[in-house]
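Starting off with a structure, shown below.
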Amino acid sequence: MVSSPLDIHDAVQALVEIETANRVSPDELYEALGNILYVLDATSKELGEFVTRSKYEAQETRHVASLLVDVSSRISILIDKKDIDDGWFDEVIYIGNELERIKGRFRSSWVLPNIFDKSESNIRSDSIVTVIIRALRTVARARQNGGPAKTSSLRDELLKNTPVQKIGPAQFGITDGVLKIVPQDPVPMEGAELAANQAREVLLEVGAKLRAELERSNCDPRLASAVDSLHASLSTGRDIIRTGLLAVSLENMRAAYAHELHDAVSAMMMGYSHGLNLYVGQHYEWRKFVENAALADLDDNDIPDLKRMATELSTILETRDNVDPEVPKTLLVLSDAISGPKKAMRRAAFGIVRTVENLTSAILRWSANLVVDTGVQTSSLLAKGGSRAIAIGLLGAALHAIIGIEPIAAGVGAAWLIHAKKTAEKIKELIVSDDEKG
């Protein structure tokens, strides 16, 4: 068991010192993780109690604090693991990358006045995280500097070939064997936080009025349903890319059903769509998504194929008890958005690509944790009731998605799917074989 340092200053100092170490023993690796955990817990606690006059910034510090708590949980699992193997080091690298991503949300004004017992009374929280990230990299380097020899296994192969989830309309997680959508918090452009929040509040008001007008009209009920979906997405303040693509879909529907709408209602809906475009445009993730969509090598013939694949995958996932209904529903929303102007269709089609990538990444990385490092048997987790069936079903869905994307994968930045396919097939066969034996 790793002992706790005397205070947070000692822990940080130990992390700074480990950066200069040429060789790190197993005991020192565990001790470093113990110090990292100690510092992370103190940082997340301090951020959770951070005092600010800005309501938005208060929400942001608390959210970042919750992200750090999740990272701490992963480190705790590593500390409890007895064997330092390649999977252990892979997880250290993953945690370092995750902290690097979280660090991007930190503000220079977030100081931690109470975190130190000694002279440093105004240390910046992003500086603390930088120290932690460097220490994690030092721990990870131990594999090359005399750590455990590199061994090849299905688990290692799959983790190596499966990237973490990317910016897209949806990201996914698997909790208690159930595939679910993981909400993505917004990342407003620098200086645009207030404007984005005000725009969202106005759009919620306009959306409510538009919904009431549609209720009084005799228009197609799908229009009202589309406004409902947008209003629900806006209400959460999350999943900006999904909101942007829903706005594209709504504008396409408005154009298609214009003959059923009173001029005033049509104009209100057009203004609503325009406002939504301005709102999502205030966010980093939407701009990055639009940029990536424009660069993607998508042929006109690829777009209907992607639409069909998304619909088929949605139908498959609808039949699975271990898939949250919002997952297939999201795929259908993206499929429905493929209509209208060419630029809008390309964005929606690229949204399908990114969503399928993230869906596949979530399933494959989860499946990798069900296989022991030797690659010759499934882990004890699969012995639990229904776990084999869940794994086989989800892997089948992932492979269906890979096959649908495979012909265009290289052109849209998803070439990793091609390499991951064979490994996923091997793991599925391994689980099926283990199931038949058991």
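Just so it is clear, none of the values below were taken in a lab; they were calculated from the coordinates. Every value quoted in this text rests on a predicted model; they were computed, and no experiment measured them. With ideal geometry, Cβ positions are generated from the backbone for all residues, glycine too; neighbour counts draw on all protein chains shown.
Using 7 Å Cα-to-Cβ label points, what is the residue 74/residue 160 separation (nm, one decimal)?
Spacing of the two 7 Å Cα→Cβ label points: 2.0 nm.
Stretched out fully, how many nm does the piece from residue 236 to residue 218 gain, at 0.36 nm a residue minus the Cα gap? List each step's numbers first, then the result.
On the way: separation 18, 0.36 × 18 = 6.48 nm, distance 2.91 nm.
Residue separation times 0.36 nm, minus the Cα-Cα distance, leaves 3.6 nm.
Listed highest first by mean packing, meaning other Cβ atoms within 10 Å per residue, what order do 258-268, 69-79 come in?
Values: 258-268: 13.5, 69-79: 15.4.
Answer by packing, highest mean first, reads 69-79, 258-268.
For the range 152-233, what does the alpha-carbon gyration tensor say about shape, rounded, prolate or oblate, given a ≥ b ≥ c as the root eigenvalues, a/c under 1.5 as rounded, and a/b over b/c as prolate? Could you put the intermediate results ahead of the total?
Values: a/c = 4.10, a/b = 1.88, b/c = 2.18.
Here the range 152-233 falls in the oblate category.
Oh, and also: I want to check the label-to-label distance for residue 406 and residue 93. Put each point 7 Å from Cα in the C-beta direction and report it in nm to one decimal.
2.6
Taking the Cβ-Cβ separation of residue 134 and residue 432 as r and a Förster radius of 35 Å, what is the calculated FRET efficiency to the nearest 0.05?
On the way: r = 43 Å, r/R0 = 1.24.
According to the calculation, E is roughly 0.20.
How big is the dipole moment of the range 193-282 about its Cα centre under a simple scheme where the beta carbon of each Lys and Arg is +1, that of each Asp and Glu is -1, and everything else is neutral? Debye, nearest 20, please. Don't skip to the end; give the middle numbers.
Numbers: 8 positive and 11 negative charges, 27 e Å.
Dipole about the Cα centre, nearest 20: 140 debye.
Same structure again: Can you give me the distance in nm between label points at residue 295 and residue 190, each placed 7 Å from the Cα along the Cα-to-Cβ direction?
It is 2.0 nm.
As a quick test, which of the pairs 288/428; 166/422; 209/342; 166/421; 103/166; 45/288 have an alpha carbon distance above 28 angstrom in this structure? Write down the numbers at each step before the final one.
Details: 288/428 34 Å; 166/422 22 Å; 209/342 30 Å; 166/421 18 Å; 103/166 17 Å; 45/288 32 Å.
Exceeds cut-off: 288/428; 209/342; 45/288.
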